[in-house]
Amino acid sequence: QVQLVESGGGLVQAGDSLRLSCAASGRTDISYTMGWFRQAPGKEREFVASVSWSWRGGRTYYADSVKGRFTISRDNAKNTVYLQMNSLKPEDTAVYYCAADPSTAQAMGRPEYWGQGTQVTVSS
């Protein structure tokens, strides 16, 4: 019902920046909470950031590991959510997944919809 497609991943050096984008299509009339998760090789998927729905961009929430470095935002007119990642560290290396859920839980829990993922690699 809702399809999510991520883009913007790549290979960067520690301290560099990247901006990820997630374009939503399908049924977008629902006021979804949207966010980002990441999964490193051999590790469990972890929550990164979320943004609730509102006409002015929504309220944001971040994992402690990325707070102050990452910024999530959304453009409801374009059905797109972004993740601006600054001061990247090698431990940020992971596949990043866009997610959407009709609930208002900030950490999202188990989102209903997922993107295919985009690889982010940070070298030291």
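Can you give the relative contact order of the chain as a percent, counting alpha carbon pairs under 8 Å and 6+ residues apart?
Values: 313 pairs, mean separation 44.3, N = 124.
It rounds to 36 percent for the chain.
If you roll a 1.4 Å probe over the heavy atoms of the protein chains, what accessible area per residue do you get for the chain, in Å²? Walk me through the numbers before you get to the answer.
Details: 6650 Å² over 124 residues.
Spelled out: the 1.4 Å probe surface of the chain, per residue, equals 54 Å².
Taking N as the number of residues in segment 1-60, what is its alpha-carbon radius of gyration divided by 2.2 N^0.38 Å? If you can, show how the numbers build up before the last one.
Details: Rg = 13.9 Å, N = 60, 2.2 N^0.38 = 10.4 Å.
That works out to 1.33 for segment 1-60.
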Checklist entry - How high is the relative contact order of segment 71-124, in percent, counting Cα pairs under 8 Å that sit 6 or more residues apart? => result 35
Item to check | Carbon and sulfur %, accessible surface of the chain computed with the full protein complex present, 1.4 Å | outcome: 47
Checklist entry - Which Cα, out of M85, I30, V66, lies furthest along the positive dipole direction of segment 15-96 (beta carbon charges, K/R +1, D/E -1)? => result I30
Next on the checklist: How long are the semi-axes of the equivalent ellipsoid of segment 50-94, defined as square roots of 5 times the Cα gyration tensor eigenvalues? Whole Å, largest first.
Outcome noted: 23, 11, 7
Checklist outcome for this item: Hull surface over four for the Cα convex hull of segment 42-124, reported in nm², is 6.0
Checklist entry - How about segment 32-77: which trypsin sites (Lys or Arg not before Pro) there lie in a loop by DSSP and see at most 15 other Cβ atoms within 10 Å? => result K43, R45, R56, R59, K67, R69
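The values are calculated or read from the model by the stated rules, or taken from the named source; none is laboratory data. For clarity, every value in this text was computed on a predicted model and none was experimentally measured. Glycine gets a Cβ as well: all are built from the backbone with ideal geometry, and neighbour counts include every protein chain shown. For accessibility, only protein heavy atoms count, side chains too; no ligands or nucleic acids. Shrake-Rupley method; radii C 1.70, N 1.55, O 1.52, S 1.80 Å.
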